[in-house]
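Student: The structure that follows is given in the form of structure tokens.
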Amino acid sequence: MADTSVKMVDTRTLYCKVIYIVNSEWAAQRLVEIQTLMERSTLYRRALAPTTTLTGCMGMAAAWLGWSMPITEGRPFCLFWMATSLCCLILAGLMIRRQAWVAEESFWSPPTRRVAMAMLPALCCGGGLGMLAITQENLPEIFYWGLPPLWMLFYGCALFSAGFFMPRGIKLFGSLFVLTGLLLLSRAVLGSVDGVLPSMAHAHIIMGCSFGFMHFAYGIYLFMTENTSTLES
Amino acid sequence: MKTETFSQLDKVIHEKGRMAIMSSLSSNPDLSFKELKNLLQMTDGNLSVHIRTLQQAGYVAVSKSFLANRPHTSYRLTREGQSAFKAYIELLAQIVEWNQD
């Protein structure tokens, strides 16, 4: 009789222990789930409208400068646009830094880090191609003509990746770049087959229309849609 | 004591969908209905029901505005919601900690 009661107690204790371990494992899983959800849902909203408008203005100004100078050789073209993109990047970084300072937030916050990491591979590919065009001599003309569409493709991919952590149609904007890049790349390839590649001065207009005007238009759209009027709280 | 801990877990937050909404809102100052829907992959009806429950519990505040001439609804955690969510997480952490001991 005594043996049975001891066994019963043991079984009950074991049962409670198992239940408790199962529950604590479940609690740990829940915590991980919450952490993942919190990380995934932290959206990057910083300085989108001013940075895209500024990038657009700089792109259009650079296109006009490149066209009017004119820069018609492949290597100077790449150098010119690489320098322009670097200026845009620095200015955008300064604007984001300023906004973070005003909002009393850290500049290199987890959302900023995630967006930067998402954009980095595609941007590195585009930058690498640009560096190749600058450092190498005697590259075929089609390579230089292929650069603007390839830059658009990589930039579009970078924006699309960043769109997973950003609101407000960034993915769509990235897709637009990818589509434009693909169309222009096929046009450049067809042009090289036919043997009719226009002067590189025209490439400035393409850069101005895509990187310049598209950014500018998107920035204006963001500015216009940011003005909200609260009805009730 | 340990078994009591489970019953202390906030029933409103405990449901998976509502916990997801609370987690998303806790890491953002505010989120729109569309943003929440995209983030959590929920249907309109499901999301509305859960938000209403959280709103009734006083955990979520709703604000309606106009964005590009379109109605725009955004949600944020109230102070009560923030402390309830914090307490929920602390309780979960306590359960895990006890098992490790």
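Student: If I ask for residues that are out of contact with any Lys or Arg (no Cβ under 8 Å at 6 or more places or on another chain), surrounded by fewer than 20 Cβ atoms within 10 Å (Cβ to Cβ) and either modelled with pLDDT of 80 or more or of a type in the set (S, T, N, Q) (or both), which ones from the stretch A:39-69 would you list?
Tutor: A:Ala49, A:Pro50, A:Thr53, A:Leu54, A:Cys57, A:Met60, A:Ala61, A:Trp64, A:Leu65, A:Trp67, A:Ser68, A:Met69, listed by residue number.
Student: Taking interchain pairs and intrachain pairs at least six residues apart, which have beta carbon atoms under 6 angstrom, with the first residue in the stretch A:71-93 and free of Cβ contacts under 8 Å to residues at least 40 places away in the same chain and the second in a helix (DSSP H, G or I) and hydroxyl-bearing (Ser, Thr, Tyr)?
Tutor: Listed pairs, sorted by first residue: A:Cys88/A:Thr55.
Student: Would the stretch A:193-205 turn up any residue that is of a type in the set (A, V, I, L, M), surrounded by fewer than 18 Cβ atoms within 10 Å (Cβ to Cβ), part of a helix (DSSP H, G or I) and within 16 Å of the chain's Cα centre (by Cα)?
Tutor: For the stretch A:193-205, residues of a type in the set (A, V, I, L, M), surrounded by fewer than 18 Cβ atoms within 10 Å (Cβ to Cβ), part of a helix (DSSP H, G or I) and within 16 Å of the chain's Cα centre (by Cα): absent.
Student: Against the condition at positive phi and touching a Gly at 6+ places or on another chain (Cβ under 8 Å), how does B:Gly81 come out, does it pass?
Tutor: Spelling it out, it is not the case that B:Gly81 is at positive phi and touching a Gly at 6+ places or on another chain (Cβ under 8 Å).
Student: Another question about this same structure. Being within 14 Å of chain B (Cβ to nearest Cβ) and either assigned to a loop (DSSP other than H, G, I, E, B) or modelled with pLDDT of 80 or more (or both) is true for just one of A:Met214, A:Met131, A:Met166, A:Met224. Which residue is that? Steps first, please.
Tutor: Working: A:Met214 fails: within 14 Å of chain B (Cβ to nearest Cβ); A:Met131 fails: within 14 Å of chain B (Cβ to nearest Cβ); A:Met224 fails: either assigned to a loop (DSSP other than H, G, I, E, B) or modelled with pLDDT of 80 or more (or both).
Every option except A:Met166 fails the conditions.
Student: Of all residues in the stretch B:70-91, which are surrounded by 14 or more Cβ atoms within 10 Å (Cβ to Cβ) and polar (S, T, N, Q)?
Tutor: Scanning the stretch B:70-91 gives B:Thr73, B:Ser74, B:Thr78, B:Gln82.
Student: Restricting the stretch B:49-101 to residues that are over 12 Å from the mean Cα position of the chain (by Cα), under 20 Å from A:Trp26 (Cα atoms) and touching a residue at least 40 places away in the same chain (Cβ under 8 Å), which is farthest from the other protein chains (Cβ to nearest Cβ)?
Tutor: Of everything passing the filter in the stretch B:49-101, B:Ala87 is farthest from the other protein chains (Cβ to nearest Cβ).
Student: Keeping to the stretch B:16-29, report how many residues are loosely packed, with under 15 Cβ neighbours inside 10 Å and either in contact with a strand residue (DSSP E or B) (Cβ under 8 Å, 6 or more places away or on another chain) or in a loop (DSSP other than H, G, I, E, B) (or both). Spell out the reasoning first.
Tutor: To start, the set of residues in the stretch B:16-29 that are loosely packed, with under 15 Cβ neighbours inside 10 Å comprises B:16, B:29.
The next check asks that each one be either in contact with a strand residue (DSSP E or B) (Cβ under 8 Å, 6 or more places away or on another chain) or in a loop (DSSP other than H, G, I, E, B) (or both); those that pass are B:29.
So the count comes out to 1.
Student: May I pose another question? Could you check the stretch B:33-45 and list, in sequence order, the residues that are surrounded by fewer than 18 Cβ atoms within 10 Å (Cβ to Cβ) and at the interface with chain A (Cβ under 9 Å from one of its Cβ atoms)?
Tutor: B:Lys34, B:Asn38
Student: Among residues belonging to the stretch B:46-64 that are outside any helix (DSSP H, G or I) and among the small types (Gly, Ala, Ser), point out the one that is surrounded by the fewest Cβ atoms within 10 Å (Cβ to Cβ).
Tutor: That would be B:Gly58.
Student: Give the residue, chosen from A:Leu123, A:Leu37, that is at negative phi and not assigned by TED's automatic domain parsing to the domain that holds A:Leu222. Write out each step before concluding.
Tutor: Values: A:Leu123 fails: not assigned by TED's automatic domain parsing to the domain that holds A:Leu222.
Exactly one residue qualifies, and that residue is A:Leu37.
Student: Does at least one position in the stretch A:87-105 carry a residue that is within 17 Å of A:Met152 (Cβ to Cβ), assigned by TED's automatic domain parsing to the domain that holds A:Trp151, surrounded by fewer than 17 Cβ atoms within 10 Å (Cβ to Cβ) and at pLDDT 90 or above?
Tutor: Within the stretch A:87-105 (the criterion being within 17 Å of A:Met152 (Cβ to Cβ), assigned by TED's automatic domain parsing to the domain that holds A:Trp151, surrounded by fewer than 17 Cβ atoms within 10 Å (Cβ to Cβ) and at pLDDT 90 or above), the answer is yes, since at least one residue qualifies.
The values are calculated or read from the model by the stated rules, or taken from the named source; none is laboratory data. Just so you know, these numbers come straight off a predicted model, no measurement behind them. Counting neighbours? That spans all protein chains shown, and the Cβs are built from the backbone with ideal geometry, glycine included.
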